[in-house]
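The values are calculated or read from the model by the stated rules, or taken from the named source; none is laboratory data. Keep in mind that what you see is a predicted model, and the values were worked out from it rather than measured. Please note: Cβ atoms are built from the backbone with ideal geometry, for glycine as well, and neighbour counts cover all protein chains shown. What goes into the accessible areas is simple: the full protein's heavy atoms, side chains included, and nothing from ligands, DNA or RNA. Shrake-Rupley method; radii C 1.70, N 1.55, O 1.52, S 1.80 Å.
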Amino acid sequence: MASSEITLEAVPAASNIKAEEWDACANPRPDPNAIENLDTLASPGAPGCSTAGSRSGYNPFVSHAFFAATEASGSACARTGWGPRHLLARLDGAIVGVVPCYLKSHSQGEYVFDRGWADAYERAGGRYYPKLQASVPFTPATGPRLLIRSGVDREQIGSALASGLMALCNATNASSVHVTFAPETEAKFLGEHGFLQRNDQQFHWHNEGYKTFDDFLATLNSRHRKAIKRERREALASDITIHRLTGADITEDAWDAFFAFYMETGSRKWGRPYLTRSFFSLIGESMSRDVLLVMAKRNGRWIAGAINFIGSDTLFGRNWGAVEHHPFLHFEVCYYQAIEFAIERGLKTVEAGAQGEHKLARGYLPQTTYSAHYIADPDLRRAIADYLKRERAYVAEVGRELTEAGPFRKAVDEA
C-alpha cells in the first residue's frame, strides 16, 4: 500500500492551530504500539486538564496554552522581534507534528548565546538576522521541540520536520535555525540531519527518594549542611513568612505583586523585561494548576516572589523578583522552597533556570543542556563547527570539575 504524503506549512500564530491538535503533538498520550520508536525521539506524555501529576512526561512549556499566552499578551510577537512561524506537518490532512518556531530580528530572550556568531558574520559582510528560533520564548528549560503525535512513524515525521526547518530557513531568507534546550536524543537526531551540536550547562536538583528536606540535608557535608540551615533561618529573620500559591489561590492581586517584582528585577538585569502583565493573567486563566508562586510577605504586604511551572516529574523554576532585599531570601524563595515542594510532590527534578554556579552549594548539580543549529552559509558553518567542538570539550570538563566540588558527602566525610 502506498504511504501517505506528508505536507508542511508554517503558520503565523499558535491561535491558528486548535489547542487539542497542538497538545496531541506536544504532550501526546502514550502509544504502546510505538515503543520501538521511542529511542529515536524523546516522547513527552499524556494530555488532559492542567493536573501535571496525572500525566506521564507532561511539560507545561510546550502546551498550547503557554504559547498562546506569550503571543496573545504581546510578549512574543513581530513587534518584539519574535514573529511566530510555527512549522506543521500534516498526514492525510491531520496535524501529526509541530515545531514551535519564531522569525527573530535579534538574539534576546534565548539563553543560548550566539551574538558572537552574528557579529563575526556581519563583519565579514553577511546578514545574520533574521534567523529562525525553534524554542519556547524566554524559557531556558529543556523539553521537546519536534512535537510529534503518537501512533505515527516518529522518525519519518521527525525527518520531515528537520527538512522543513531547513526549507523554512531558505523561504524566509534567514541565516540559520536554532533549536535550543532540546532533549539530548532530539539534538542528536537533528545532528544526523545536518544540524551542528552545541552543549551548555545548567544546575539541576535531583530527588533521590527523599521524604523530607532533612533527608536531603543529611546527604550534604557538614559545612554545607550548616550553611543551608543558617541561610534558611536568616532569610526569615525579619518576620518574613513564605506562602506557596497554586491554582485558585493565585489571585489577580498576587499577579499584580509578582509582576512588580518581575519588572523591578528584570529592568535592572536585562533593561527590558520580556513578559507583559497580561501574560500572567492569561496563564492564570488557562494553566494556573501548572503554576507555583512562592511569595514572601512582611508587615502584611508581598515583598518578593518566584514563579515555577509544574511538570509531571519536574519543577521548572523561572523568574524571581523583590521590592525589599533581605539576606538569603532569594535562596529561600527560589531554591529551598522549590526543593521542599518537589519532595512533597514526589517530583524527580528541579530545574532552576539558566546559569548560576552559586546554586552548586545549595545542592544543584551541573547538567548538560543541548541545542542544534543549522547554518545556511557553508563558510560560517565550518567556522562555527570548529568552535563548537572546542566548546563541547570545555563544557564537559567544567561539568566534571564542578560535580566533584559539589556539596554532597564523600565516603570519607563524617556522618
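Note on the range 277-415: the alpha carbon radius of gyration divided by the globular reference 2.2 N^0.38 Å gives 1.35. Scanning the chain for GluC sites (Glu not before Pro) that sit in a DSSP loop and have at most 13 other Cβ atoms within 10 Å, the longest stretch containing none of them is 209-413. Structural descriptor for the range 158-290: relative contact order 17 percent, calculated from alpha carbon pairs under 8 angstrom and at least 6 residues apart. For the peptides 174-182, 380-388, the ranking by packing is 174-182, 380-388, with the highest mean count of neighbouring Cβ atoms within 10 Å listed first. Between ASN308, ALA396, PRO366, the Cα set farthest toward the positive side of the dipole of the range 295-415 (charges on each charged residue's Cβ, about the Cα centre) is that of ASN308. For the chain, the solvent-accessible area of protein heavy atoms averages 43 Å² per residue (probe radius 1.4 Å; ligands and nucleic acids excluded). Size estimate for the range 78-189 follows the Kirkwood approach: the inverse of mean 1/r over distinct Cα pairs works out to 14.7 Å. On the chain, 50 percent of the accessible area sits on carbon and sulfur atoms, based on a 1.4 Å probe. With a 10 Å cut-off between alpha carbons and a GNM built on the chain, which of ALA13, ALA396, ALA69 moves the most? Among ALA13, ALA396, ALA69, the largest mean-square fluctuation in the Gaussian network model of the chain belongs to ALA396. Non-local lysine pairs in the chain, meaning eight or more places apart or on different chains, with alpha-carbon distances under 22 Å, amount to 17. Annotation: the antiparallel percentage among DSSP beta bridges lying fully within the range 304-415 is about 65.
The charge dipole of the chain, taken about its Cα centre with unit charges on the Cβ of Lys, Arg, Asp and Glu (plus for the first two, minus for the last two), comes to roughly 940 debye. Selection among ILE17, TYR210, HIS64 by position relative to the dipole of the chain gives TYR210 as farthest towards the positive end (Cβ unit charges, Cα centre). Rg then Dmax, both in Å and based on the Cα atoms of the chain: 21.7, 73. The alpha carbon convex hull volume per residue for the range 163-295 rounds to 223 Å³. Scaled against 2.2 N^0.38 Å for its residue count N, the alpha carbon radius of gyration of the range 216-277 is 1.58.
Using just its DSSP H runs of length 4 or more, each adding -39500 (n - 2.57), the chain gives a mean residue ellipticity at 222 nm of -10000 deg cm²/dmol after division by all residues. Rounded to the nearest Hz, the phi-derived 3J(HN,Hα) couplings of the range 126-133 under the Karplus curve 6.51 cos²θ - 1.76 cosθ + 1.60 (θ = phi - 60°) are x, 10, 7, 9, x, 9, 9, 10, where x marks glycine and proline. Label sites at GLU122 and GLU20, each approximated as a point 7 angstrom past Cα along Cα to Cβ, lie 4.6 nm apart. Size descriptors for the range 266-339 (Cα atoms only): Rg and Dmax, in that order, 13.0, 35 Å. Here the range 285-398 is treated with +1 on each Lys and Arg Cβ and -1 on each Asp and Glu Cβ, and its dipole about the Cα centre works out to around 120 debye.
Here the relative contact order of the chain, from alpha carbon pairs under 8 Å that lie six or more residues apart, stands at 20 percent.
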